[in-house]
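One structure is given below, encoded as structure tokens.
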Amino acid sequence: MHTLYSLNVTGLVQGVGFRPYVEELGNKLNLKGSVSNIGGQVLIKIFDDKKGLDILKENLSKLCKNNTVLPGSRVDNILISTETSNENPPRNFFINNSLNIHDNIRFIPVDYATCDKCKSELLDKNNIRYRYPFISCVACGPRITIINELPYDRENTSMKDFPMCETCETEYKTFENIRHYAQTIACHDCGPILKFYAKKRNEINGLVEDYKLEREDAFSKAVKEIKAGKVLAVKDIGGYHFVCDAKNVKAIRKMRQVKAREKKAFAVMFPDVKTIKKLAYVSEKEAELLESNARPIVLLRKREEDGSDTDSFGYNLSEEIDDNAIRIGAMLPSNPLQILLMQEFDCLIMTSGNLAGEPIITRDKDIFDLVKNGQIDGSLYNEREIINPLDDSIVKVTKLDNREITQIIRRARGYVPDPIKINKFLKNDYYAAGADLKSVFALARKNYVTLSGHFGDLNDYEARRAKDRARKIFTKLLDLKPKSFIADRHPGYYSNKDTKILANEAGTKALEIQHHHAHQASVMAEHSLSECIGIVLDGTGYGNDGNIWGGEFLYCKDTDFRRLGHFDYLELIGADNATVDIDKSAMVAMIQAINAKLVDEELLINHPCFKKYINSASLDLLKAALKEHINSYKTSSVGRLFDIAAVIMNICQKNSYEGEAPMKLEALATRYFERIENLNPAIIPVIVKEINGEILVDSKGFMSDLFKLYIAGARVDELAFEFHNSLAKALVSVAIAMRDKTNCSDIALSGGCFNNSLLLKLLVTRLEKEDFKVYLNEKVPCGDGGIALGQIYLGN
Amino acid sequence: MIITMAHGSGGAFTSELIDKIFVKEFDNETVKELEDCAVIPGSKKIAMTTDSFVVKPIEYPGGDIGRLCICGTVNDLLMRGAKAKYITCGFIIEEGANSETLKRIVHSMAETAKEAGVIIVAGDTKVIDGNGGIMINTAGVGFVEEGLDISSRNLTPGDLVILSGNLGDHHATILGSRMNITNSIKSDNAPLTDIVSNLLKEKINIHTMRDVTRGGLATVLTELSRSSRVDIKLEEDKIPVSNAVRDFCGLLGLDPLYMGNEGKCIIVVPKNEAGKALEVIRNSKYGENAVIIGEVKEMAEDKACVYIETEIGGKRILDVLQDEGLPRIC
Ligand SMILES: [Fe+3]
Ligand SMILES: [Mg+2]
Ligand SMILES: [Zn+2]
Ligand SMILES: [Zn+2]
């Protein structure tokens, strides 16, 4: 019998060279045992040697913030448990890569950004991997995106196509080498080769032919092309990017054509934080996120001093990039190829390589087709297969009064498939389908929930296939056999129908969860709550009464909920079209305000958008359709109120991309708020009333007041701010009314509208003043990307 | 004359109604016999169908419930390759209906039957409580040539899908009428007799035909793809919709792919016959705007599906009609 010590280490311990460090230490101390990554933590196993354990622990405790021993790492906590074991100790101390299994739960590693050691080797003329674009080590490189099967051994990844050369094999077998047992080890001689593909016109016969280059030639040609304003595809770890020069307006316009994306902002890659700081404010926390292993796109407040974008950067980043948004999506290189590229540029557009509405492209052949069609100008790629596609993650930091919180907008590369731990033991294996847009599914066993990447809109053929494929491979990788199935209640969701079929095949019935209940439960799951009140502000969810919900006041206890109230229903016309043609939706809302005698129809003539409807056939048609309820639905959606408010203030008349109007409204309001710098009392009295025991917010009255103030000549930015401010104030009254009914002061805020940092700040500040304990999403998106976690938490 | 319960009593009032309205309009020997049932000649494979019509309003631009109830039943027979022959009709009339309206409707039925080449051989009338509405049930009998196999299970990868004309007219007309909107849109209710008989005459190898009624093209094709276990690919810019209907739908957020029609069908034929079939259809009455809208494909995954290639290069998956008008975008 042996004594087995298990150390659970938490903190910044993954993707920073932590395991090789521990391995080295363990071998120096002659320990017998292993170190492995487990779901965002590190697990160290040591057999018998208590003294050695203490020394190791002491060394690890020194890895505090800004330590110089292992830069980037930070040990927060070490939890030690002891047991007797009849397992045989290993002969030495090693990195256990292939057996990341704990209590029957499999932990699949996330992809790691290039570590500092590899980066310096990459740039070191004397290193054998100098400028090798696929350098990696035991602490860095692709993982989940190239794994086909467990255990995580080379032959189970797409590295199997690249057998190690002798040099690599020697390193692979050498202790204390950073590539000891590194499954992704490769070099110029044996690993993937950088290639360039384009079409070229033969100058003699005029025919268009293939143009192919390799290695440095490929690289320098690509750099030259980008500098010349071309749009290229560049293969990343989890999929392709489309890349062009961020300073070249023509190139950006071409990029917009390629992606059929009229205005929505593009992410920009910079070489380092210092460069980003010339263009945007970067807090300590934001810098930490930018440099964190996931290397996410971080949405940063742009510098706009003196009303201009010009600054020490030496040029303006064009409005073409970001539709004059308040924040810029910035990111740092996360793989060796990007590091090399960013030696040549100080900013590049680095947007997901996908066509409008489709998932990210991962297959070289699909990119070749785009090159052949002339849609893009060339491809910089390699032949390592991407097995599990993952987009760049997107995060932002929202500054509340007393703290900063990280909001995850898209949880993908670098986060997936790290599981989320919940304080609940599931009785069997679960599959939760999430929602149909920004679709993310979850697989869960016991108290671990693994979320997938994002699949876009499941009405898209490729998105649906990508999700189906990912579900199959994730189920296999996690070795789960789902017995319980959960889907959203929406009868028009593909995921609803599909999950019912899956459940049926497994001999059971799918559990259907109301959309906003799941939103609130996602917060409860993150914070281990079993009871709370909540405000869920959202675009669209199918309600239990058959109406479309989206401004919900819920009391949740265990797996049940009660709807304490909601935003008053407005009737809108035309299904999904109502979220795009928002000028029409606003007109329909005004007709209802006029019918309720809240607004005088005569005033429409003074409104820049509504006046076009006066005496028009369109207005007659809309009125008649409202009267006869033709293709209409009733909704409490607050997302739609943002749309309508933006039209009333003439800020935006169409959503050319999702959330365009709300984001523009937020931007105006935020710029105003930053100027006044203090929180004024709200000036629009939004009525919160109780009817038949239901708490109702008077949306019609709110929109009518906004309209009248606009017509009376109020400043648009002030009004935009007041919209947020008054909304927040009304929601506090709602929260107090909910507390009176339930005696519960724990309040969860969720739903896509809380991506709005200003609304969140205004509301949280006020709620905390009223002694509410406020809980928010920090591990999963507050939008539909977080739904699947909530669904799992509501499984019984 | 206002119709009352007495008109449904079976007595003198009933006879008056039958004589003055029905027999007069359905002017043929069989119906004049006023027997308990019609005895009619026939010897081939028989096709039979029935359908009930409850449209509101009962008269609308381009047609009325009378024309509709003949077209609906005749078209259902035609879609299996049958030659439509005989129709029966049952009227359920609500008290308060105007006999002038009834007369117009019955006249329209007779005209449409003539156009469609069918004989109305039997009928029945009941009067019930209500608000003057008129509902009609029709049943139809047709003959199918030996050896003809037109069914929803016959789609084969490589086949092309022909749509006989513009989408959405009937649905838009009914909605417009309900809203009291005047515009140029008219119902497309029409018998597809000419199209089908010409195709059969030309010996086109028809794999499948379907009239595109309730639920629209998306629903019909999705059902077909599931029956035959194939994918169907459509091209967005090929789907014919009139400008008037497109404008109407745009504002109301309606999707013509899911809107009902009463004189449109899809015809699926092998690729090598598609050109000829299209020509035949275009030269037939009510087939002038026919187009090839898509292609039958091998099933790519384990579920059959219908998708439409959008103008920006995406592939949107279609499904059977769900609760009308519910948004999904969050
Ligand atoms: Fe949602
Ligand atoms: Mg029918
Ligand atoms: Zn490394
Ligand atoms: Zn090598």
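The values are calculated or read from the model by the stated rules, or taken from the named source; none is laboratory data. Quantities reported herein were computed from a predicted structural model and do not represent experimental measurements. Here the Cβ is made from the backbone with ideal geometry for all residues, glycine too, and neighbour counts use every protein chain on show. Ligands, DNA and RNA are stripped out before the accessible areas are found, and what is left, the full protein with its side chains, is counted by its heavy atoms. Shrake-Rupley method; radii C 1.70, N 1.55, O 1.52, S 1.80 Å.
Could you grab me the full set of residues in region A:154-180 that are at pLDDT below 95, part of a loop (DSSP other than H, G, I, E, B) and open to solvent by 70 Å² or more (accessible area, probe 1.4 Å)?
A:Phe175, A:Glu176
Say we look at region A:536-565 and pick out the residues that are touching a helix residue (DSSP H, G or I) at 6+ places or on another chain (Cβ under 6 Å) and away from chain B (no Cβ under 14 Å); which of these is nearest to ligand 1 (Cβ to nearest atom)?
Per the criteria, the residue is A:Leu554.
Determine the pairs where a residue that is within 14 Å of chain B (Cβ to nearest Cβ) and more than 24 Å from A:Glu214 (Cα to Cα), located within region A:171-189, has a partner that is open to solvent by 30 Å² or more (accessible area, probe 1.4 Å) and within 16 Å of ligand 1 (Cβ to nearest atom) with Cβ atoms under 8 Å apart, the partner being 6 or more residues away or on another chain.
none
Name every residue in region A:439-488 that is in a loop (DSSP other than H, G, I, E, B), open to solvent by less than 10 Å² (accessible area, probe 1.4 Å), under 22 Å from A:His517 (Cβ atoms) and not aliphatic (A, V, I, L, M), in order of residue number.
Within region A:439-488, A:Ser439, A:Phe441, A:Ser452 meet the criteria.
Residue by residue through region A:605-655, note down the ones that are among the small types (Gly, Ala, Ser) and either open to solvent by 10 Å² or more (accessible area, probe 1.4 Å) or within 14 Å of chain B (Cβ to nearest Cβ) (or both).
Answer for region A:605-655, where residues must be among the small types (Gly, Ala, Ser) and either open to solvent by 10 Å² or more (accessible area, probe 1.4 Å) or within 14 Å of chain B (Cβ to nearest Cβ) (or both): A:Ser616, A:Ala617, A:Ser618, A:Ala624, A:Ala625, A:Ser632, A:Ser636, A:Ser637, A:Gly639.
Tell me whether region B:143-158 contains one or more residues that are touching a residue at least 12 places away in the same chain (Cβ under 8 Å), of a type in the set (Val, Ile, Thr) and surrounded by 24 or more Cβ atoms within 10 Å (Cβ to Cβ).
There is no residue in region B:143-158 that is touching a residue at least 12 places away in the same chain (Cβ under 8 Å), of a type in the set (Val, Ile, Thr) and surrounded by 24 or more Cβ atoms within 10 Å (Cβ to Cβ).
Sort out which residues of region B:131-173 are within 14 Å of chain A (Cβ to nearest Cβ) and either in contact with a strand residue (DSSP E or B) (Cβ under 6 Å, 6 or more places away or on another chain) or on the phi > 0 side of the Ramachandran plot (or both), and write them in order of number.
Matches in region B:131-173: B:Gly168, B:Thr173.
Is at least one residue of region A:138-147 touching a residue at least 12 places away in the same chain (Cβ under 8 Å) and over 24 Å from A:Glu23 (Cα atoms)?
yes
Where residues in region B:181-208 are over 19 Å from the mean Cα position of the chain (by Cα) and within 14 Å of another protein chain (Cβ to nearest Cβ), which of them is surrounded by the most Cβ atoms within 10 Å (Cβ to Cβ)?
The extreme case among them is B:Ile181.
Taking only region A:221-257 into account, find how many residues are buried (at least 20 other Cβ atoms within 10 Å of the Cβ) and assigned to a helix (DSSP H, G or I).
Number of matching residues: 6.
Six or more apart or on different chains, Cβ under 7 Å: which pairs go from a residue in region B:92-111 that's assigned to a helix (DSSP H, G or I) to one that's among the small types (Gly, Ala, Ser)? Could you list them?
Hits for this filter: B:Ile105/B:Gly66; B:Val106/B:Gly66; B:Ser108/B:Gly66; B:Met109/B:Gly66.
For region B:82-119, name all the residues that are surrounded by fewer than 21 Cβ atoms within 10 Å (Cβ to Cβ) and closer than 18 Å to B:Ile195 by Cβ.
B:Lys83, B:Lys114, B:Glu115, B:Gly117
How about region B:231-277: which of its residues are part of a loop (DSSP other than H, G, I, E, B) and more than 14 Å from chain A (Cβ to nearest Cβ)?
B:Ile239, B:Pro240, B:Val241, B:Ser242, B:Asn261, B:Glu262, B:Gly263, B:Lys264, B:Pro270, listed by residue number.
Within the group B:Ile65, B:Ile58, B:Ile40, B:Ile70, which residue is open to solvent by 40 Å² or more (accessible area, probe 1.4 Å) and more than 16 Å from ligand 3 (Cβ to nearest atom)?
Checking each option against the conditions leaves just B:Ile40.
Any residue at all in region A:424-442 that's away from ligand 1 (no atom under 16 Å from the Cβ), within 29 Å of A:Arg766 (Cα to Cα) and without any contact (Cβ under 8 Å) to a residue 24 or more places away in the chain?
No, region A:424-442 contains no residue that is away from ligand 1 (no atom under 16 Å from the Cβ), within 29 Å of A:Arg766 (Cα to Cα) and without any contact (Cβ under 8 Å) to a residue 24 or more places away in the chain.
Residue pairs, Cβ under 6 Å, 6 or more apart or interchain, first in region A:673-701 and open to solvent by 80 Å² or more (accessible area, probe 1.4 Å), second of a type in the set (Asp, Glu). List them.
So the pair list comes out as A:Ile683/A:Glu722; A:Ile687/A:Asp698.
With the condition kept exactly as written, say whether any residue in region A:161-178 is under 27 Å from A:Gly11 (Cβ atoms), in contact with a Lys or Arg (Cβ under 7 Å, 6 or more places away or on another chain) and more than 16 Å from ligand 4 (Cβ to nearest atom).
Scanning region A:161-178 turns up no residue that is under 27 Å from A:Gly11 (Cβ atoms), in contact with a Lys or Arg (Cβ under 7 Å, 6 or more places away or on another chain) and more than 16 Å from ligand 4 (Cβ to nearest atom).
Assuming A:Ala113 fulfils every condition listed in (1) within 16 Å of ligand 3 (Cβ to nearest atom); (2) open to solvent by 10 Å² or more (accessible area, probe 1.4 Å) apart from one, which condition is it?
Tallying (1) within 16 Å of ligand 3 (Cβ to nearest atom); (2) open to solvent by 10 Å² or more (accessible area, probe 1.4 Å), A:Ala113 fails exactly one: (2).
If we keep just the residues of region A:489-510 that are surrounded by 19 or more Cβ atoms within 10 Å (Cβ to Cβ) and closer than 27 Å to A:Ile105 by Cβ, which is nearest to the other protein chains (Cβ to nearest Cβ)?
A:Asp498
Collect the residues in region B:201-230 that are hydrophobic (A, V, I, L, M, F, W, C) and in a helix (DSSP H, G or I), keeping them in residue-number order.
Those that are hydrophobic (A, V, I, L, M, F, W, C) and in a helix (DSSP H, G or I): B:Leu217, B:Ala218, B:Val220, B:Leu221, B:Leu224.
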